[in-house]
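Report on one structure; see the data block that follows.
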Amino acid sequence: MKPCNMQYALLVCALLLGASPSHAQQFDEEGALLDGYSSVPIVGQVISAVQDAIDELIAEALDRFDASLLLAAMEARATVNQVATQFDDVLERTVEELDGQQRRSISDITSLATRLTNTASSDVSSLVNSIRQDVRLLVSRNPGFVHVIPGYAVENEDYIEFALEGTALSRARLSDFRVGPTPTEPPIATMDDTRVAIRVSLDTGPVADLLKTSTGDDYPLEVPISFILEECRFFGLWCSEGRRFRILGYVLPDNVGTVRAVFVGDVRTEQRREVTRGPFESPRVKSNWRGKSGKRTDVWAARPDDGWKIDVDSARFNFTLVFGGCSGRRCAASWMQQDEQLLRVWTQTETDRTPYVTCKTATTITFTQWMSRTERQTSKTDVVNIELGARAVLPLDSESGLVNARLAHLEIESDLVRGGTKILRNGESTGGLTVDYDPATQIAYLQVAYGN
């Protein structure tokens, strides 16, 4: 919707409902009156603004896959189009120049436009009922109007059906019936005093030709329908000057688009690194002049780096004799402590029992240290086609490595939604879109239907 046009329509509504000049000036100061428009509403601008508001509501209904909201908006558009026909000769006039009946019609359609802007915060079912009440009010307050009930079809169906409701319709005649620019015989299905049902075929004729040449990017496919409704008497020998009707129907795709699920969870990663501590060298020991051996014991400790742990099974030490005066039999080393944070090796350094010899030992401790980290990561499923009425099944990839996984959202790609992409959260339902998630099996489901 164009914001400027909508704000302009709201100003018009305020003026028509009896706002004083000072009130209108206050509207201007608050920013509702936009640059480019005069302070006195022009009829053509008002009608264009209301039509923009309806187009915005239709886009909202398609985005939600909400059939009831779509049909209500289509009813509003068909009725506003009826209202617009009575202003074809006065589009450049100001609202103040209209007669009382025309001013009331303009007031009614701007009131309707004001209601249409509340879709974000309104209960949709209540909004739909209110729109239809406004539409029926417009029809009842304008002599010669009929209630138009437009329709849509899915591409694999046989026809689009719409209806006219009013009085004395059995005496009516539809002439100059066109689908797009193509004239065709009026495809009347049923007709009585209060209702005329019209079915436009999708299998033959102009719509079938449109479908044959359309691509996925063409949906929703607009089907403009126009005709003249005349009231006839004396067995059709005399007919009144008719009223031109313009109705826009839609053909919606059976293959709606694609969807994939995005899961979020923890991924544990492990780093491993071999390290060596040392060499730890003992002080020298000497034997005396009588050959009494010199000896000492030491305890050497090795720790992992901060935040790391020791793989105890990988731990080993290397104990070597540095000088030739060492006693190979009495120099020894053994584990004293082994755990994830500390390794300790006991060593004994002792000389031979030979006068004046020296002994020294060196010890290295080697082990693998490891660290485990938990990171928040996402995993996206493969893209799945969305078929109307079918349930898309989106399981978490068993090789994703996610722990404590949960469904974050679904990403829907479709030409029907705003911007081509729609995000739906777990448990969220909007119109004809329903998301379910089974945490036990880690499977997300999307159900799509044109309805709520």
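Structure notes:
- Test: residue in the range 208-224 that is of a type in the set (Phe, Trp, Tyr) and either at pLDDT 80 or above or in a strand (DSSP E or B) (or both): no
Listed here are the residues, each with its yes/no results for (1) of a type in the set (Ser, Thr, Tyr); (2) in the same structural domain as Cys326 (by TED's automatic domain parsing); (3) not in a loop (DSSP other than H, G, I, E, B).
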position: Asp397; (1), (2), (3): no, no, no
position: Gly401; (1), (2), (3): no, no, no
position: Asn404; (1), (2), (3): no, no, yes
position: Leu407; (1), (2), (3): no, no, yes
position: Ile412; (1), (2), (3): no, no, yes
position: Leu416; (1), (2), (3): no, no, no
position: Gly427; (1), (2), (3): no, no, no
position: Asp436; (1), (2), (3): no, no, yes
position: Thr441; (1), (2), (3): yes, no, no
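Residue-by-condition table, conditions (1) in contact with a helix residue (DSSP H, G or I) (Cβ under 6 Å, 6 or more places away or on another chain); (2) under 30 Å from Thr258 (Cβ atoms); (3) assigned to a loop (DSSP other than H, G, I, E, B); (4) hydroxyl-bearing (Ser, Thr, Tyr):
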residue: Gln348; (1), (2), (3), (4): no, no, no, no
residue: Arg353; (1), (2), (3), (4): no, no, yes, no
residue: Ser372; (1), (2), (3), (4): no, no, no, yes
residue: Asp382; (1), (2), (3), (4): no, yes, yes, no
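- Sole residue being acidic (Asp, Glu) and surrounded by 15 or more Cβ atoms within 10 Å (Cβ to Cβ), chosen from Glu411, Glu399, Glu428: Glu411
- Flag if Arg406 is at pLDDT below 90 and basic (Lys, Arg): no
- Residue in the range 177-195 that is surrounded by the fewest Cβ atoms within 10 Å (Cβ to Cβ), counting only those that are of a type in the set (Ser, Thr, Tyr) and in contact with a strand residue (DSSP E or B) (Cβ under 9 Å, 6 or more places away or on another chain): Thr190
- Members of the range 385-395 found to be surrounded by fewer than 18 Cβ atoms within 10 Å (Cβ to Cβ) and part of a strand (DSSP E or B), listed by number: Asn385, Glu387, Arg391, Val393, Pro395
- Considering residues of the range 71-102 that are aliphatic (A, V, I, L, M) and in contact with an Asp or Glu (Cβ under 9 Å, 6 or more places away or on another chain) only, the residue modelled with the lowest pLDDT: Val83
The values are calculated or read from the model by the stated rules, or taken from the named source; none is laboratory data. Keep in mind it's a predicted model, so treat the numbers as computed, not measured. All Cβ positions, glycine included, derive from the backbone under ideal geometry; neighbour counts span all protein chains shown.
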